[in-house]
1. Within the stretch B:73-140, which trypsin sites (Lys or Arg not before Pro) sit in a loop by DSSP and count at most 16 neighbouring Cβ atoms inside 10 Å?
2. Each residue of the stretch B:140-153 in turn: what ³J(HN,Hα) in whole Hz from Karplus with 6.51, -1.76, 1.60 and θ = phi - 60°, glycine and Pro shown as x?
3. What list of ³J(HN,Hα) values in whole Hz, one per residue of the stretch A:246-252 in order, does the Karplus curve 6.51 cos²θ - 1.76 cosθ + 1.60 (θ = phi - 60°) give from phi, with Gly and Pro shown as x?
4. Please compute one quarter of the surface area of the Cα convex hull for the protein assembly as shown and express it in square nanometres.
5. Assuming a viscosity of 1.002 mPa s and a temperature of 20 °C, what translational diffusion coefficient in µm² per second does Stokes-Einstein assign to the stretch A:186-276, Rh being the Kirkwood radius over Cα pairs?
6. Take the alpha carbon atoms of chain A, find their radius of gyration, then divide it by 2.2 N^0.38 Å using N residues; give the quotient.
7. Give a residue-ordered list of calculated ³J(HN,Hα) values for the stretch A:161-167 (Karplus: 6.51 cos²θ - 1.76 cosθ + 1.60, θ = phi - 60°; whole Hz; x for Gly, Pro).
8. Please report how far the C-alpha centroid of the stretch B:173-226 lies from that of the stretch A:186-240, rounded to the nearest whole angstrom.
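The values are calculated or read from the model by the stated rules, or taken from the named source; none is laboratory data. This is a predicted model, so every value here is computed, not measured. Here the Cβ positions follow ideal geometry from the backbone for every residue, glycine too, while neighbour counts run over all protein chains shown. Please note that ligands, DNA and RNA were not included when accessible areas were found on the heavy atoms of the full protein model with its side chains. Shrake-Rupley method; radii C 1.70, N 1.55, O 1.52, S 1.80 Å.
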Amino acid sequence: MGYSNKSTGYPNRDRGQEKQVDSLSGARLRHDPLFLCFHALAGAALLFIIAPILGLLLHSSPSELTETAMDREVRESIWLTLWTSMSATLLLSVVAVPLGYVLAREKFPMRGFVTALIDIPIVIPHSAAGIAVLGLLGTDFIGTKLGIMAAMAFVSVPYLISAAREGFAAVPERLERAAFTLGASRARVFFTISLPLAWRAIVSGLILMWGRGMSEFGAVLIIAYKPTVTPILIWERFGEYGLSYARPLALLFIGICLILFVAVRVITWRGPNVNR
Amino acid sequence: MLTVDDIAIEWNAFTLGGVSFDVSEGEYFVLLGASGVGKTVLLEAIAGLTDTSKGRVQLDGKNITEDSIQSRGFGFVYQDQALFPHLTVSANIAYGLKAHRVPRAEIQVRVSELAEAVGIEGLLARYPETLSGGQAQRVALARALAPKPRCLLLDEPLSALDTAARGSMRGLLRKLHRDGQTVIHVTHDYEEAISLATRVAIMEAGKIVQVGTPAAVFQHPKSEFVARFVGIHNFFKGELCYPEDSPGSMAEFSTGAMTFSLLTDAPPGPGAMTLRSEDITLSSKRPEGSARNTFLGTVRDVAPARLGIEVVVDMGVEMAALVTESAVDQLGLAPGTQVWTSFKATAGKFLED
């Protein structure tokens, strides 16, 4: 990190140039057959992600899109999806961020087991996750917004915990120790050193969790068919009216998600830089 | 002021056992030892950053072994500075003051005082990333000094710096000590010990093997280990001057009893001269040639060393020379015999005080 070239005596040397030397973009390496092969494979991987979305875009007409966007049911559903997932993310962050910190810093028996436990919601079938959450909450929560939020939170919170854990783990412990010797309390050290330095990773985690919550289908379907979140509305329209009716809604929802993610990234871009 | 009493630390596969020493108010105490010997861990134990399995740390007679890191009031400077990367230089220095709830106006005054004291006035708005090693170390020092620590703990503060930065940092540490700051400084470099310490403790394999003034330790190493580790047996306190009045010309170093010629570019003034025993030549006749420092002396002692034979010659001051066994035979060296000693003006190293 930033410390390595301190003794060069060139305080403002161009870091960009330095990176070039380290990266694999050197001319000789670029013509290596394996490297060319990797480029081709990387392109294929990217295409696999972009092609379906591009297909959606090409098959939808602007008039269809505006018509869908004017639909009251659609707008209510998108709004519901956005805010429930956002609320679930913010509420859970109050416990998920401290958990990430504990997992990154404290040494306790079965830490590895606990870390693995956190990923369970990601690997189990989401309909099963919905059943599990419903079992915990009770049937009173069927069809409620709180129920939707609980289902979203359950399946998406591992992303935030993992991101926070990695973010805190990347903060050198030496910095916290230095702060202790300067007389700072644990709380002060957490809020002025650890949290600001892990902030980028945590924001990434928040965005991931929010996005994962919005896209949740299975677990939410178990708990609340109505009010209808957008993923369920897309499925409903597809089932009732077919592909051409579901497609503009899918495109609209994807577009809104993308715009929001880019916006959050841009807003937090100038936050404190951790990995110096 | 600070007493470390029989401290033991178990730390991974490594034990530090039964370490004791005292540091008085205003002292500059250097812990000298090879890397991996447990110096840093010991320093962290004093600061409360590492748990001890045995023993006590006392400050002004009060047992602080169980006290929190925050309440001990020790300043700690890490080898790699550990500056807070997301805070400006100014905010780094102010950190400890804010933690102690010093009023804002006072913080500003104190930060600029400290910045001036360590010579970083122009860097206050910068981020640590943009600083050179020497500048960063000065910031780290100012940050540690800000809460007015009873004792400053320095972990290899000079070893990450280049030669020029090291020299000026040494000067700064010396000035702090003159101003009365108590310092415990950990290093593997005997030159730092010679030029800074009022007392030195030599550490070997998790234990302190010798404590004393630099002169006592370097001239009279108690064990083979200390002798080998410090690597020099000839160590003199004295004063450097330039007879031709121009630094860069041949300098003279005077111990009072003796005067040696030295090639150095250090400024005149008090300091220490070191000379490796293997750089001294012994001969039965006055040697011809360029060696400026030629003296007739009396052999005091002939003793086998790890490599060759160590011969102690008294020529006004005692000097140890390392020679081969066959040289001892040829020259007929035995206690009481006369011998010519000589060394080149480039062999002596001067370290200013």
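1. Answer by residue number: B:Arg101.
2. Karplus-based 3J(HN,Hα) across the stretch B:140-153 equals 4, 5, 4, 4, 5, 7, 3, x, 6, x, 4, 9, 9, 9 Hz.
3. 7, 4, x, 5, 4, 4, 4
4. Taking a quarter of the hull surface, the average projection is 40.6 nm².
5. The Stokes-Einstein estimate is 136 µm²/s.
6. Relative to the rule-of-thumb radius for its length, chain A sits at 1.23.
7. 4, 4, 5, 5, 4, 5, x
8. One Cα centre to the other: 59 Å.
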